[in-house]
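Input: a single structure, listed below in structure tokens.
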Amino acid sequence: MDFAQLKRFIAVVEGGSFGKAAESLSLSQPGLSKSIHQLEAYFGEPLLYRGTKGVTTTELGKAVYRRGKRVLAEWRQLDNERAAISGGFTGHVTVGVARGTGFLGRVIPAANAKLSQSRYSVRLSVVSGVAEELVPALQLGELDFAIAPLDAIVGKPDLVGETLFHDRCGLFVDANHPLASVGAVSIEQLTKYCWLYSADVLSYYDALCALAHSRGVEPRATTITSNSVIYLNAATIGSEFIGILSMDSVEDQVIAGKLLEVVLKPSQRAQVATAAVERPMGFLMRADAQLSELARVLQKEIYALCPTLGYPLLPRRKASRRGRS
């Protein structure tokens, strides 16, 4: 068995068929099929069920896929560490960024541009996702580091975090929404409209539901949830939905005047203030892995750009073990 066979097997599993995998790998189907047969011969039993509609994994195939992903990720991390030790200026960096139109749309592209102008030669991959998707990928070694809420690694001693800025939850409506010109609103007014929210603000959504129940009113039965910031913004603009979202995810639309933030009346706001509290956002990293020179340079560029692009920073400190419970 070699890494090439493992990579090809993973491509077949993720593509769902030999045809799609062969196309993505720029291989012939017969050549790919031969490679998979060799891998199955190594293990002594089938790894895939072949069917007219594609392939599925056997029980052993599931294990090989799961472990194989980790093996390849660990090998990439080892190569990064080799580059870090030798001071190499070339390599591949994969960074995960929590979905948000502000930070992802301004800071990351600006940092990429800075890096492209330096003496480094880098192949950069940017993966967007919610924290629940990024943390497992980071643990598997598929990401060099992630930028996401630090509370996502609480109870995970294998990860460490360093705060960059704070984000908060809020209530956002279209600029022409009936509540846009009301001023402070009550939970009773909010429950007259359908709500949409992202997975990252579930605690705030739950707090608003609890507030409504305590006042004897029920939120509308129709709700929309999504991990797509683009979809949530589009669904809020031009509608009467109320978006329960993080500030970073809507900041560009607020600046453009397409969305407005509405606030609860002070007495009711106090009852959900804890859930809406500003969340620390920052670098998430593996405790047992040394970042490559390129990954460290990218972090420095991101850190330097934050204040100039609207993200006030906390004083920089050494990465803390926020993952410990």
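The values are calculated or read from the model by the stated rules, or taken from the named source; none is laboratory data. Here the structure is a predicted model, which is why all the values come from computation and not from measurement. Because the Cβ atoms are built from the backbone with ideal geometry, glycine has one as well, and the counts that use them run over all protein chains shown. Heads up: the accessible areas ignore ligands, DNA and RNA and are worked out on the full protein's heavy atoms, side chains in. Shrake-Rupley method; radii C 1.70, N 1.55, O 1.52, S 1.80 Å.
Mind counting the residues in region 1-26 that are assigned to a helix (DSSP H, G or I) and under 20 Å from GLU142 (Cβ atoms)?
Number satisfying all stated conditions: 16.
Which one is nearest to the chain's Cα centre (by Cα), of the residues in region 85-100 that are modelled with pLDDT under 75 and farther than 21 Å from THR163 by Cβ?
Taking region 85-100 first, the residues modelled with pLDDT under 75 are 85-91, 99-100.
Add one more test, that the residue is farther than 21 Å from THR163 by Cβ, and what stays is 85-91.
Working: ILE85: 29, SER86: 30, GLY87: 29, GLY88: 28, PHE89: 27, THR90: 25, GLY91: 22 Å.
Selected residue: GLY91.
Within region 235-253, is even one residue among the β-branched types (Val, Ile, Thr), open to solvent by 40 Å² or more (accessible area, probe 1.4 Å) and modelled with pLDDT under 90?
No, region 235-253 contains no residue that is among the β-branched types (Val, Ile, Thr), open to solvent by 40 Å² or more (accessible area, probe 1.4 Å) and modelled with pLDDT under 90.
Among the candidates LEU48, LEU32, LEU39, which residue alone is open to solvent by less than 20 Å² (accessible area, probe 1.4 Å), over 27 Å from GLY129 (Cα atoms), modelled with pLDDT of 85 or more and in contact with a Ser or Thr (Cβ under 8 Å, 6 or more places away or on another chain)?
After applying the criteria, what remains is LEU48.
Given the residues THR191, THR163, which is the only one that is closer than 23 Å to ILE302 by Cβ and buried (at least 16 other Cβ atoms within 10 Å of the Cβ)?
Only one candidate passes the filter, namely THR163.
Quick check on ARG82: is it modelled with pLDDT under 90 and surrounded by fewer than 16 Cβ atoms within 10 Å (Cβ to Cβ)?
Against the criterion (modelled with pLDDT under 90 and surrounded by fewer than 16 Cβ atoms within 10 Å (Cβ to Cβ)), ARG82 qualifies.
Between a first residue in region 295-308 that is at negative phi and a second residue that is at pLDDT 85 or above and part of a loop (DSSP other than H, G, I, E, B), which pairs have beta carbons less than 8 Å apart while being 6 or more apart in sequence or on different chains?
Partner pairs satisfying both residue conditions: ALA295/ASP144.
If I filter region 201-232 down to residues being open to solvent by 50 Å² or more (accessible area, probe 1.4 Å) and part of a loop (DSSP other than H, G, I, E, B), which single residue comes out as nearest to VAL272 (Cα to Cα)?
Applying the filter and picking the extreme gives ARG215.
Quick check on PHE145: is it under 24 Å from LEU284 (Cα atoms), open to solvent by less than 40 Å² (accessible area, probe 1.4 Å) and among the aromatic types (Phe, Trp, Tyr)?
yes
Count, please, the residues in region 294-321 that happen to be surrounded by fewer than 21 Cβ atoms within 10 Å (Cβ to Cβ) and at pLDDT below 80.
So the count comes out to 11.
What pairs come up if the first residue lies in region 272-284 and is touching a residue at least 24 places away in the same chain (Cβ under 8 Å) and closer than 23 Å to GLU142 by Cβ, the second is among the polar types (S, T, N, Q) and surrounded by 21 or more Cβ atoms within 10 Å (Cβ to Cβ), and their beta carbons are under 8 Å apart, counting only those six or more places apart or on different chains?
PHE283/GLN299
Among all residue pairs at least 6 apart or on different chains, which show Cβ distances below 8 Å where the first residue, located in region 29-43, is under 18 Å from GLY54 (Cα atoms) and the second is of a type outside the set (A, V, I, L, M, F, W, C) and open to solvent by 40 Å² or more (accessible area, probe 1.4 Å)?
Between residues of region 29-43 that are under 18 Å from GLY54 (Cα atoms) and residues that are of a type outside the set (A, V, I, L, M, F, W, C) and open to solvent by 40 Å² or more (accessible area, probe 1.4 Å), the close pairs are LEU32/ARG8; SER35/ARG8; ILE36/ARG8; GLU40/PRO46.
Kindly provide the set of residues from region 143-179 that are within 14 Å of PHE103 (Cα to Cα) and hydrophobic (A, V, I, L, M, F, W, C), ordered by number.
Matches in region 143-179: ALA146, ILE147, ALA148, LEU164, PHE165.
One line per residue, one yes/no per condition, for (1) at pLDDT 90 or above; (2) crowded, with 19+ Cβ neighbours inside 10 Å; (3) closer than 24 Å to LEU309 by Cβ; (4) over 16 Å from the mean Cα position of the chain (by Cα):
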| position | (1), (2), (3), (4) |
| --- | --- |
| LYS114 | no, no, yes, yes |
| TYR120 | no, no, yes, yes |
| ALA131 | no, yes, yes, no |
| ASP151 | no, no, yes, no |
| LYS156 | yes, yes, no, yes |
